[in-house]
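The values are calculated or read from the model by the stated rules, or taken from the named source; none is laboratory data. This is a predicted model, so every value here is computed, not measured. Here the Cβ positions follow ideal geometry from the backbone for every residue, glycine too, while neighbour counts run over all protein chains shown. Only protein heavy atoms, including side chains, enter the accessible area calculation; ligands, DNA and RNA are left aside. Shrake-Rupley method; radii C 1.70, N 1.55, O 1.52, S 1.80 Å.
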2 protein chains.
Amino acid sequence: MSENRKPNIVVIGGGTGSHTVLSGLKKHPVNLTAVVTMADDGGSTGRLRTEFGVLPPGDVRQCLVALSEGDPILQQLFSHRFQSGELAGHSAGNLFLSALEQITGSLDKAVDLAGGVLQIRGSVCPVTLEKVRLIAELNNGKVLYGEAAISAYQLISRFGLKRLYLSPSAQVNPKAITAIKEADMIVIGPGNLYSSLLPNFLVGGLRAAVVHSKAKKVFIANLMTKHGHTDGFSVFDYVREIESRLKPGIIETVIYNTKKPSQRLIHENVDEGEPVQFVPTKEFRGRSVLGLNLLADRLHETPKVDMLRRTLIRHDSEKLAKAIMSVL
Amino acid sequence: MSENRKPNIVVIGGGTGSHTVLSGLKKHPVNLTAVVTMADDGGSTGRLRTEFGVLPPGDVRQCLVALSEGDPILQQLFSHRFQSGELAGHSAGNLFLSALEQITGSLDKAVDLAGGVLQIRGSVCPVTLEKVRLIAELNNGKVLYGEAAISAYQLISRFGLKRLYLSPSAQVNPKAITAIKEADMIVIGPGNLYSSLLPNFLVGGLRAAVVHSKAKKVFIANLMTKHGHTDGFSVFDYVREIESRLKPGIIETVIYNTKKPSQRLIHENVDEGEPVQFVPTKEFRGRSVLGLNLLADRLHETPKVDMLRRTLIRHDSEKLAKAIMSVL
């Protein structure tokens with residue numbers, strides 16, 4: 001990489017996790033591309049998919065807001081949830097993106113226009129522009145249809161996941177391939193393993209692009225396990241699961257949190273499991289690992305109604321960005 | 001007025017009529033302010049008022065789009081109507097404005113932000129920032145509550161309008177007063193008499209500002225009467241009605257259309273009455289009058305679903321603007 005150009009970082013993930021990484025990294029001298037899962041089918045996003053046949057706007061929206069350097073009120077607008085009547089629970093940003101997709105016929109164009117309005121630094125790239133449904137088959141024969149159903153089902157750990165796939169199968173957005181080819185670093189995570197992270201690697205063409213990329217691959221471990229999904233997972237259990245979709249050993253650097261959240265905060269988060277532990281398993285050997293206090297000191301100031309299904313225990317975006325920059 | 005400054009024009013009215021005037025005038029070297037009625041309570045606007053207690057966004061939205069010099073797709077976004085499910089009939093621009101009003105606590109601020117996004121030339125000013133309902137009392141004792149009810153009632157001509165008022169009474173937006181004080185010309189109309197034009201002059205303080213203004217007052221006559229509201233009205237019947245809320249003789253210049261729409265178009269417009277005729281009544285004397293072919297040659301290319309309750313017989317915005325500029 002030449003001395004004079006800013007390094008290219010591609011962040012692969014979904015809504016809240018990518019939002020945190022991007023919010024922090026945008027304050028550093030780097031070129032950012034967010035590659036975003038298109039599997040969401042719950043909440044406001046799910047209603048829009050059902051009614052208009054659009055692509056899911058929710059994860060894209062969170063990344064756009066994270067990268068915005070425009071008027072803070074327009075950022076608030078994109079995150080605003082209507083609170084009553086027939087619109088209750090809808091996000092204004094989701095409506096904005098879905099209307100633009102209907103007008104332009106393309107979520108890619110809608111994202112570019114919304115990015116212009118929000119004056120984003122970097123770019124946001126839906127991992128695919130094809131409409132897919134995420135499906136999980138468990139070892140006991142049960143099949144879960146759709147990201148929302150999978151996310152809500154709390155017995156995946158008990159029965160074991162046999163297969164996770166997209167239906168129909170879908171090809172990667174060419175913009176994601178270009179960004180990955182030019183990347184100096186690829187950041188994976190944090191995010192829910194089955195509903196936010198792995199669905200990206202199920203899109204045809206993404207795996208090969210990441211595996212063949214010369215970029216440094218960095219994984220950001222989650223703070224907490226997800227109850228019924230990743231019970232008992234330590235840092236390298238996540239790494240093993242992700243590498244099983246990519247290539248064993250491909251993640252060179254692992255960043256994880258060492259500060260335990262307060263018992264009060266853990267008790268308030270009934271949907272979450274336990275803090276993710278660092279356990280030096282065999283997958284640990286030969287990698288760079290960076291354990292730091294990455295915990296946000298106080299609750300993220302998201303409007304309450306947007307906190308539904310969102311975690312209250314969060315990474316501090318500035319600490320996390322500093323950690324990522326230190327391993328660049 | 002100094003040679004070097006652009007003349008200030010204030011356009012008083014409502015949605016579609018003001019949209020036409022502003023779309024044409026923005027291509028001329030003038031400073032534009034749209035003063036917009038806040039009485040609408042039907043359709044998408046009515047649903048938003050009921051559910052969120054916001055001010056009516058619909059007329060404001062149409063004026064913002066008319067003044068936009070930004071990306072045409074963002075203009076389309078503001079006019080976009082959702083077509084299915086629980087959002088059916090809602091305008092994306094209305095949702096955008098109502099969300100911004102909820103976030104900022106002020107429709108004025110919401111309009112400024114939306115104006116920034118749409119890169120408008122000029123400004124849009126809600127006539128009042130207080131929540132009002134338009135009420136019509138007829139001579140037979142019947143009372144119609146709300147603009148939508150008044151607009152839909154087709155026996156006003158038969159029974160006669162006794163009183164039109166706002167409940168509760170409301171004071172004018174100070175920005176409107178400032179714009180009127182600095183105006184070189186005030187353009188009134190076109191628009192529905194009872195539901196778009198007169199409601200502006202029912203707001204406390206607007207009448208006095210217009211009456212005391214040194215600006216030239218210009219009235220644009222409607223193309224068609226409204227069935228059940230203004231049956232048989234000729235150009236000066238409108239002038240008399242408007243001046244009864246202002247001051248007799250205050251309108252110096254009247255611009256009206258001389259080209260009759262095709263019978264086919266008239267037949268297709270069941271909600272409208274007959275072409276407005278020029279009849280030289282006593283109100284005619286001493287005024288400047290300008291009769292021209294002002295008719296749009298072909299149908300306005302508004303998306304079909306936005307044509308609900310909208311007229312198909314329209315002024316040509318360029319011809320109209322040229323006529324207005326000629327009397328400046």
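Reported count of residues in region B:259-277, each being under 14 Å from B:L295 (Cβ atoms), surrounded by 13 or more Cβ atoms within 10 Å (Cβ to Cβ) and at pLDDT 80 or above, is 8.
When region A:50-83 is filtered for residues that are assigned to a helix (DSSP H, G or I), within 11 Å of another protein chain (Cβ to nearest Cβ) and open to solvent by 10 Å² or more (accessible area, probe 1.4 Å), the ones remaining, listed by number, are A:T50, A:E51, A:F52, A:P72, A:I73, A:L74, A:Q75, A:Q76, A:S79.
If you go through region B:21-49 and keep only what is touching a His at 6+ places or on another chain (Cβ under 8 Å) and surrounded by fewer than 21 Cβ atoms within 10 Å (Cβ to Cβ), you end up with just B:R47.
One residue stands out in region A:125-167 among those that are closer than 20 Å to A:G13 by Cα and either at pLDDT below 95 or of a type in the set (G, A, S) (or both): the one that is most open to solvent (accessible area, probe 1.4 Å), namely A:A152. Here B:L48 meets the list (1) modelled with pLDDT of 95 or more; (2) more than 15 Å from the chain's Cα centre (by Cα); (3) closer than 25 Å to B:A179 by Cα almost entirely, failing just condition (3). When you look at B:V127, is it among the β-branched types (V, I, T), more than 14 Å from chain A (Cβ to nearest Cβ) and closer than 17 Å to B:Q62 by Cβ, yes or no? Here the answer is yes, as B:V127 does meet what is asked. Of all residues in region A:216-230, none that is without any contact (Cβ under 8 Å) to a residue 40 or more places away in the chain and of a type in the set (V, I, T) has its Cβ atom under 8 Å from the Cβ atom of a residue that is surrounded by fewer than 24 Cβ atoms within 10 Å (Cβ to Cβ) and assigned to a loop (DSSP other than H, G, I, E, B), 6 or more apart or on another chain.
Select from region B:91-111 the residues that are more than 10 Å from every other protein chain (Cβ to nearest Cβ), in a helix (DSSP H, G or I) and surrounded by fewer than 20 Cβ atoms within 10 Å (Cβ to Cβ) and list them in ascending order. Correct list: B:D108 only. For region B:87-113, the set of residues classified as more than 19 Å from the chain's Cα centre (by Cα) and in contact (Cβ under 8 Å) with a residue 12 or more places away in the chain consists of B:G89, B:H90, B:A92, B:L95, B:F96, B:S98, B:L100, B:E101, B:Q102, B:S106, B:A110, B:L113, listed by residue number. The single condition among (1) touching a helix residue (DSSP H, G or I) at 6+ places or on another chain (Cβ under 9 Å); (2) more than 20 Å from B:L87 (Cβ to Cβ); (3) away from every other protein chain (no Cβ under 14 Å); (4) open to solvent by 20 Å² or more (accessible area, probe 1.4 Å) that A:Q119 does not meet is (3).
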